[in-house]
1. Scan the stretch 296-310 and tell me whether some residue there is touching a strand residue (DSSP E or B) at 6+ places or on another chain (Cβ under 9 Å) and within 12 Å of the ligand (Cβ to nearest atom).
2. Being without any contact (Cβ under 8 Å) to a residue 12 or more places away in the chain, touching a Leu at 6+ places or on another chain (Cβ under 9 Å) and within 27 Å of Arg319 (Cα to Cα) narrows it down to one of Trp377, Trp434, so name that one.
3. If you check Thr23, Thr61, which single one turns out to be among the polar types (S, T, N, Q) and within 25 Å of Glu116 (Cβ to Cβ)?
4. How about the stretch 340-367: which of its residues are near the ligand (Cβ under 10 Å from one of its atoms), assigned to a helix (DSSP H, G or I) and of a type in the set (A, V, I, L, M)?
5. Take Gly200 and tell me if it is in contact with a His (Cβ under 8 Å, 6 or more places away or on another chain), assigned by TED's automatic domain parsing to the domain that holds Lys110, at pLDDT 95 or above and in a strand (DSSP E or B).
6. Can you say whether Lys241 is among the charged types (D, E, K, R), within 13 Å of the ligand (Cβ to nearest atom) and more than 18 Å from Thr361 (Cβ to Cβ), as far as the supplied structure shows?
7. I'd like to check something: does the stretch 368-375 contain any residue that is of a type in the set (D, E, K, R) and within 11 Å of the ligand (Cβ to nearest atom)?
Amino acid sequence: MTRPVDPERRAAGFIALELHESTHDRLVWGMRQNRDKAVAGVPEWEELREMASRIKEHTLTHLDHYLEQFEKSATKLRTHVHWARDAEEHNAVVYDVLNAHRVKSLIKSKSMLQEECGMTPYLQQRGIEVTESDLGERIQQLSDEPPSHIVVPAIHKLRTDVAALFAEKIGTDPKDSDPHALAEAMRQNARPRFLKADAGMTGANFAVAETGGFVVCTNEGNADIGASVPPLHIASIGIEKLIPRGRDLGIFIRMLSRSALGTPITQYTSHFHGPRRGGELHVVLVDNTRSDRLGSPDFWHALKCIRCGACMNTCPVYRRGGGLSYGATYSGPIGVILDPGFDLSKYRELPFHSSLCGSCTDVCPVKIDISDQIYKWRRVVAAKGLLSFAKRVGMSALGKTLAHPPLYHSAEAVGEWALEHLPRFLLYNPLNPWGKHRELPAVPRQTFRQWYIENRRKP
Ligand code: SF4
């Protein structure tokens, strides 16, 4: 059985420096607030959500048809279409194409699917130099860390962290943490690699069955360099990225950047229809557990995800603990419902790394029932006997207490007394992780139940 990741321990490491926690929370919550302002400017937002959700559900329930249509349309555009059942096949297909073209250096833009497949180390082990072209993703590559957010991969880093990293890796002044200077230093460092790369790789935000084209959204234009400068372009596309028609794109494009960053549209929304003149374009359509998920009545809705990150930005657990605490490719609420589908044993703790407040479900532009799915994953973990000993014992005791009102009221009374009278060291000790970072609230004089009996209960 795979050793489970321990998100609490990992989060504790991240927030050991208090500034990490407060800065991350402020920045990520800022994106959520920007999203709210942007959404308020679109009166038909709820209609768009409904339409987006229905289009995705329709596509997913007719996926065989749309995948074949995409393949046919893309082939007509002289795009080479490949199929990959899993990560291993994806990486092998990519390597074979690169090898056939004698590629030695590759630039790639951010792709969570390539991350999911472990593509970069696979190619590096085979002698291909891989350079991330997105600034945040490059920071993560130089740190030897996966992205901590699906839209802003290095959001967990302070600018002083980046200054120290760049000083070590590309020789900048460690005292200069000005973001513009750091970005410019990286631009100067990376540009020669972009210009001499033998091939470029991208992911795709949407693939259109009707036209055989696909769309890549970035804010730095880095995907466009990768797709236009080298003669060879390979795009990895998860099979859930399909939408039926070009006209459906308008709905998703309007929602993606507003949900992610609160901006009306990404700086670059690039459409690819066949190879550029004199070039070659390959598309790899990847399953990697998506078909299994599609067959699951409880979890198939997760495939509607457009990777906007809004659920992460609103999640109180993600905001405080950072994305790397999940120890997985996907973090935040979307990670909690995707990662166990890849390896339940390894990610069994993630469904408990959530407050189940439901805010993720409220902001999701494609109406994924995220918090319901988190709860359902908890049930799967319990049913498979994967709960930790402490959770098994604690939940069994809690279940019995909550199921017996007299027992519950007695426990409530004991708890109140304990909070008021026990010495501090008995309440704030290593057995109470909550107490490490916060004071428990003062016990109210009257419980809600007592107040209700006194004020509202009918005689
Ligand atoms: S689950 Fe919804 S809110 Fe979260 S990243 Fe996916 S589309 Fe965005």
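The values are calculated or read from the model by the stated rules, or taken from the named source; none is laboratory data. Small disclaimer: the values here were computed from a predicted structure and weren't measured. Please note: Cβ atoms are built from the backbone with ideal geometry, for glycine as well, and neighbour counts cover all protein chains shown.
1. Quick first cut of the stretch 296-310, residues touching a strand residue (DSSP E or B) at 6+ places or on another chain (Cβ under 9 Å) only: 303, 306.
Among the residues that remain, those that are also within 12 Å of the ligand (Cβ to nearest atom) are: 303, 306.
Yes, the stretch 296-310 contains a residue that is touching a strand residue (DSSP E or B) at 6+ places or on another chain (Cβ under 9 Å) and within 12 Å of the ligand (Cβ to nearest atom).
2. Details: Trp377 fails: without any contact (Cβ under 8 Å) to a residue 12 or more places away in the chain.
Going through Trp377, Trp434 in turn, just one is without any contact (Cβ under 8 Å) to a residue 12 or more places away in the chain, touching a Leu at 6+ places or on another chain (Cβ under 9 Å) and within 27 Å of Arg319 (Cα to Cα): Trp434.
3. Working: Thr23 fails: within 25 Å of Glu116 (Cβ to Cβ).
Of the residues listed, the single one that is among the polar types (S, T, N, Q) and within 25 Å of Glu116 (Cβ to Cβ) is Thr61.
4. Val363 - this is the single residue of the stretch 340-367 that is near the ligand (Cβ under 10 Å from one of its atoms), assigned to a helix (DSSP H, G or I) and of a type in the set (A, V, I, L, M).
5. On the way: in contact with a His (Cβ under 8 Å, 6 or more places away or on another chain): yes; assigned by TED's automatic domain parsing to the domain that holds Lys110: yes; at pLDDT 95 or above: yes; in a strand (DSSP E or B): yes.
Against the criterion (in contact with a His (Cβ under 8 Å, 6 or more places away or on another chain), assigned by TED's automatic domain parsing to the domain that holds Lys110, at pLDDT 95 or above and in a strand (DSSP E or B)), Gly200 qualifies.
6. Yes.
7. Residues of the stretch 368-375 that are of a type in the set (D, E, K, R), as a first pass: 369, 372.
Restricting the remaining residues to those that are within 11 Å of the ligand (Cβ to nearest atom) gives 369.
Taking every residue of the stretch 368-375 in turn, at least one turns out to be of a type in the set (D, E, K, R) and within 11 Å of the ligand (Cβ to nearest atom).
Per-residue answers, yes or no, for (1) under 27 Å from the mean Cα position of the chain (by Cα); (2) in a helix (DSSP H, G or I); (3) over 19 Å from Tyr268 (Cα atoms); (4) among the charged types (D, E, K, R):
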| residue | (1), (2), (3), (4) |
| --- | --- |
| Ile139 | yes, yes, yes, no |
| Ala167 | no, yes, yes, no |
| Ala183 | yes, yes, no, no |
| Gln188 | no, yes, yes, no |
| Arg193 | no, yes, yes, yes |
| Thr211 | no, no, yes, no |
